Amino acid sequence: MTFTPTKNRSGGKGRTPNIPALRDAWCALVPPDIDSAALGAKDEAQAASLIWNVAGNARLFMEWTNYQPASWQAPAGFEHHRLAKVCGWLGTLDLKSKELLYRREDALTILLAAWERLQTLHADLYWHTVFTLWVADEEFGPLSDPLDFLPVWDVADEDPRRQQAGKTAEEFTLYCGLLTFLNTAIGKDLLDLEADPF
C-alpha cells in the first residue's frame, strides 16, 4: 500500500482534510517488526535508534503537513521556514517519474549525514536541537482541524555550535519526512533506509 496525496493546495481554506483517516493510513505503513541489521550501523542498538528516530520524526513531519506534504501549503507568515520550502518542492515533483529514485537517494544521503552529525554533538548542545513552536496569529480551531502550530529550529544564541545543532536537527527531522514520503511514492517500505544502487 502506498501513501499518495492529492494535488489540491487548500492552504487551510475550503474543505478540511480528514486528518484521523490520513493518520490511520500512514500509521498502517509502519511495520510491526523492523530488521535493523542491514543499516551499516556499528551495532544493532545504534541501528535500532536510527530507525526509530526516523519513524518518530517522519510521523511529526506528516502531522505538521496534515499527512499530505506534497499538497500542503504553509500558512501566511511561515512560508520562509524550511518545512514550507520542502513541501513546496515536493509539490513540484511528478510522483510517477523515475527521477524520484534519484531524489530518494539524495534524501537518504542527507538524512544519514545529519544523523552522523547528531551523534557527535556534545551533551550541552542537545537543548538546541529541540524545536520551538510557531503559532499563527489567529485562535486555535477545533481539535479535529489541522494543527495550528508548526516547528521552528531558530536558535537565538550567537554561538555557531548551538546554531549548527539546531540546523542539523531541523535537517534530520525534515529529511526523515521527505525520505519516508519518497519511499512510499516509489513503492519502497516506509522505513527503508538502505541505499539503492539502481
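None of the figures in this text is laboratory data; all of them are computed from the coordinates on show. What you see is a predicted model; the values in this text were computed from it and never measured. When we count neighbours, we look across all protein chains shown, and the Cβ atoms used for this are built from the backbone with ideal geometry, even at glycine.
For the stretch 46-198, go through all pairs of different Cα atoms, get the mean of 1/r, take its inverse, and jot down that Kirkwood value in Å.
On the way: mean 1/r = 0.0613 Å⁻¹.
About 16.3 Å for the stretch 46-198.
With r as the distance between the Cβ atoms of ALA113 and ALA55 and R0 = 25 Å, compute the FRET efficiency 1/(1 + (r/R0)^6) and round to 0.05. Don't skip to the answer; put the middle values down first.
Details: r = 19 Å, r/R0 = 0.76.
With a Förster radius of 25 Å, E is 0.85.
Just to be sure I understand: if I project the alpha-carbon convex hull of the stretch 40-114 onto a plane and average over all orientations, what area do I get in nm²? Kindly include the intermediate steps, with their values, before the conclusion.
On the way: hull surface 23.9 nm².
That works out to 6.0 nm².
Residue-wise, which Karplus ³J(HN,Hα) couplings in Hz belong to the stretch 160-166, taking 6.51 cos²θ - 1.76 cosθ + 1.60, θ = phi - 60°, and x for glycine or proline?
x, 5, 5, 5, 5, 4, x
Sequence-distant or interchain residues sharing an amide H contact under 5 Å with TRP134, placed H: which?
Correct list: LEU150, VAL152.
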